[in-house]
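Read-outs throughout are calculated quantities, based only on the coordinates presented, and are distinct from any laboratory measurement. Everything numeric here is computed off the predicted structure, so don't read it as measured data. When we count neighbours, we look across all protein chains shown, and the Cβ atoms used for this are built from the backbone with ideal geometry, even at glycine.
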Amino acid sequence: MQIFNPEDKSDESETEEQEEIKEKERCGERKNTNKSTRCGQTDCGNDKSSRRHISDDGHDRLSKKDLLMGKRKDKKDRGYAALEGESSPDEDPDINEISVKEELPIFGVPLQLAVDRSRCHDGVDIPLVVRDCIDYVQDHGLTMENIYKLSGIKSKVQLLRRLYNQRENVRLADYEPPVVTSLFKQFLRELPEPMLTSELGPRFEEAAAVRTAEVRGAQLLSLVEQLPSCNRHLLSWVIVHLNHITCHDTSNKMNTQNLAISLSPVFQMSHRLLTTLLGHCQELFPDVIITKYVPPLSAGSPSLPDNPAGISEELKKQESLLNQIHQEMNAGFVSKSREELLWEVQRIITQLKRKLRSMQRAQDMSQTQRSLEESHKSGEDEFHMDLTLQKARSQDEQPCREPTEER
């Protein structure tokens, strides 16, 4: 018979309570472990996601870089393809149009660069915008009062500046004289270096201060000859043009002093120096003659020149224009309009060469015909001369025979 002991019961209850506590602790540990595992997985997912975003960003940056390099390469390839007479099959004019204004500006660049980008194709090495402005004032502004003192409407000046930078066709005749003179002054004001150059400018100022006119003129002439070719050509055209302005000072009120006050800051020289250059204009630039610029013929031109001299002159202009287009396209600046201009210029050059050859052949044939006629005429003259000599001889011999027959 088993005897019940209360202490044994209490021991068993304590053991059960301890086991329940341990079981709860184990459950809590499992929950914490699962929670931490889920959190770790979430963090890992976040890390993976962040790394994926970083990788995607890097991929995007790389793709943009590669795309940019690809565009540049494609742009250059299309330039060479256009030079070789090919065209890109996937060319989109809206995408491939290049802003020449941003890439190849004319304003605000060194003078030689502006000349290379905007040539006068008749051999005068000054920027086209300067030549056009001078031609306009020579035609419409010589007698206008206060020419070069008045300022034009700024918005119109900026429009013309943009058109020249973008190589658009410009009609200055549609604008007022103050707008054109303001454009002329803006181009010269934006040159990085003065017309007289930073090196020779102070020496020009010293020469202008010489009191003896003969010595002053000799020193100025020596300095002008030391200028770079493009600077010398630009200075000569500007000074000769301004000298024409002063010749009409009775009507335009712009004598030498007024011109010096208005334009010496633009030219980055003193009033005295500009006045001195105008006073020695004939001595410094005796052979410079202002001639109106005639641009190369275009597709809309009525006809080609009808004499060999005119054809040769036009051929030089077209070849100069073609060379400029090639330089721009070799630099990668290709657009549909430039390619069309390239084909147009090449077509005109071909027509000019054919016409020149035909005229030369006709001239050679006429010279050959003339020489044949002259030789034939000379042959006939010799024949007639021989007949005359024979007749004369026969007449001389006839009297000698008659006495013999009488005997």
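Between the range 314-358 and the range 261-313, how far is it from one alpha carbon centroid to the other, in angstrom?
24 Å
How long is the range 101-295 along each principal axis, judged by its Cα atoms, biggest number first, in Å?
Largest first, the range 101-295 extends 48, 37, 27 Å along its Cα principal axes.
Relative contact order of the range 296-375: what whole-number percent is it, with Cα pairs under 8 angstrom and at least 6 residues apart?
Normalised by residue count, the contact order of the range 296-375 is 39 percent.
Taking the mean number of other Cβ atoms within 10 Å as a proxy for protection, how do you rank 201-207, 249-255 from highest to lowest?
Highest to lowest by the protection proxy: 201-207, 249-255.
Could you tell me the calculated FRET efficiency between residue 257 and residue 319, based on Cβ-Cβ distance and R0 = 35 angstrom, to the nearest 0.05?
Using R0 = 35 Å, I get an efficiency of 0.20.
Which whole-number percent is the relative contact order of the range 101-295 (Cα, under 8 Å, 6+ apart)?
28 percent
Apply the Karplus curve 6.51 cos²θ - 1.76 cosθ + 1.60, θ = phi - 60°, to the phi angles in the range 272-289 and return the couplings in whole Hz, x for Gly and Pro.
4, 5, 5, 4, 5, 4, 5, x, 9, 4, 5, 6, 7, 10, x, 9, 7, 10
Just to check I understand the Karplus step: with θ = phi - 60° and J = 6.51 cos²θ - 1.76 cosθ + 1.60, what whole-Hz values come out for the range 142-153, glycine and proline as x?
Using θ = phi - 60°, the values come out as 4, 9, 6, 5, 6, 4, 6, 9, 7, 10, x, 5 Hz.
Name all residues of the range 170-201 having a backbone nitrogen under 15 Å from the label point set 7 Å from the Cα of residue 337 along its Cα→Cβ direction, giving them as ranges.
170-171
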